[in-house]
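What follows is one structure encoded as structure tokens, with my remarks underneath.
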Amino acid sequence: MIFTGNHTDIISQLEAIGTAAAIWEQGNAGQFSFVSGNTSYEEILDTKVSTQIGNNLQSVLPRYVAPAVLNAMNGCINDHASWEEEVIIERHGLTRWWRFIYSPLVTLSGQPQRLLNTCIDITEKKLLEKDLETSMKRFEAVINSAYDGIITIDNDQNIKMFNKAASEMFGIPAGEAVGKPLKDLLPQRYRPNHEGYVAGFNESPIMSRSMHTRASVTGLRQDGSEFPLEITISKIRVGQTSEMTAVLRDISERAQLINELRDAAFVDPLTGIFNRRH
């Protein structure tokens, strides 16, 4: 498509484009004027194309987007290359997001003086992204406010999520834990067999182990100290792979209480020696 001539000459070519499209021309003073636009481009203008022909950029587009659009247009002309940016336009209380694509149009002299501006409505995509972002923030707030430690690992048993409680439990900042192998959180003597246990659970048809079947394991803090843990694990399928999530509870106080009760049952409190029950 050549896009030479005035609005009457090129409108049929613009109407053949399946999205909002317009032609802009750079004058001697560096300002851009509106040459033509198809019917879909009227969603950008919020008026008839015929009323804007010949007007400069600042009067055609909303004032708050004109500086960014002018910068992109100048870059497109000066670099002889396509430019792309996201533009937000508010009309009648509604917000719409557009992807503006600028493509230079080379004239017979070899220099680009006009550009083709195509616009793709990405409002639905941006709203979905905002909803997803809100959901993720809500999810992170719940996870990080949980009393129990929560750790998620990928199919290679590397840590993908490490909540605040887990960070406090193991004495490791979340930023340092993410990406490391899960086995680093276990004492050395348990590591050789642990990967096999996790792999076996991953391959089994069981998707989770309920709270009443919690397994007791030993964790390793960053300072080298060990502590007892209760753990509940579950898994989800992510495409062709899977992720596993563990809910951890530090039971050090409970273990200490059990030891104290055992001592109280078998040791005489006055003499400190084993009693008849022992």
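The values are calculated or read from the model by the stated rules, or taken from the named source; none is laboratory data. Since this is a predicted model, take the numbers as computed values, not measurements. Quick reminder, even Gly has a Cβ in these numbers, built from the backbone with ideal geometry, and neighbours come from all protein chains shown. Keep in mind that these areas ignore ligands, DNA and RNA; they rest on the heavy atoms of the full protein, side chains included. Shrake-Rupley method; radii C 1.70, N 1.55, O 1.52, S 1.80 Å.
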- Message: Along its three principal axes, how long is the stretch 115-237 when you only count alpha carbons? Whole Å, largest extent first please.
- Response: 68, 35, 31
- With every protein chain kept in place and a 1.4 Å probe, the residues Y41, Y190 fall, from largest accessible area down, as Y190, Y41
- Query: Taking a probe of 1.4 angstrom, what is the accessible area of F139 in Å², to the nearest 10?
  - Reply: 90
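May I ask for the Kirkwood hydrodynamic radius of the stretch 1-103, worked out over all distinct Cα pairs and given in angstroms to one decimal?
Numbers: mean 1/r = 0.0710 Å⁻¹.
After inverting the mean inverse Cα-Cα distance, the result is 14.1 Å.
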- Note on the structure: Given all pairs of distinct Cα atoms, the stretch 12-70 yields a Kirkwood Rh in Å of 11.7
- Candidates Q240, Q31, Q222; GNM for the chain (alpha-carbon contacts under 10 Å) flags as most fluctuating Q240
- Message: Given a Förster distance of 41 Å, report the FRET efficiency between D184 and A68 from their Cβ-Cβ distance, rounded to the nearest 0.05.
- Response: 0.30
- Query: Gaussian network model of the chain, Cα springs within a sub-10 Å range: biggest mean-square fluctuation belongs to which of N78, N28, N163?
  - Reply: N28
- Message: Please compute one quarter of the surface area of the Cα convex hull for the chain and express it in square nanometres.
- Response: 25.4
- Query: What fraction of the Cα pairs in the stretch 43-190, stated in percent, has a spacing above 22 angstrom?
  - Reply: 62
- Query: Ordering Y64, Y102 by how much accessible area each has at a 1.4 Å probe, largest first, what is the list?
  - Reply: Y64, Y102
- Quote the charge dipole size of the chain about the Cα centre in Debye, to the nearest 20; the model charges only the Cβ of Lys and Arg (+1) and of Asp and Glu (-1). 800
- Query: Cβ under 12 Å from I172's Cβ, I172 left aside: what net charge do those residues give with Lys, Arg +1 and Asp, Glu -1?
  - Reply: -1
- Task: Give the carbon-plus-sulfur fraction of the accessible surface of the chain in %, rounded to a whole number; probe 1.4 Å, heavy atoms of protein chains only.
- Result: 54
- Item | Degrees, to the nearest 10: 66-79 long Cα axis against longest axis of the chain | 80
- What is the Rg over Rh value, at two decimals, for the stretch 68-152, using alpha-carbon atoms and the Kirkwood definition of Rh? 1.28
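When all alpha-carbon pairs of the stretch 48-113 are counted, what percent fall beyond 21 Å?
Working: 709 of 2145 pairs.
Result for the distance tail: 33 percent.
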- FRET efficiency for E230 and I206 from the Cβ-Cβ distance with R0 = 22 Å, rounded to 0.05, comes out at 0.75
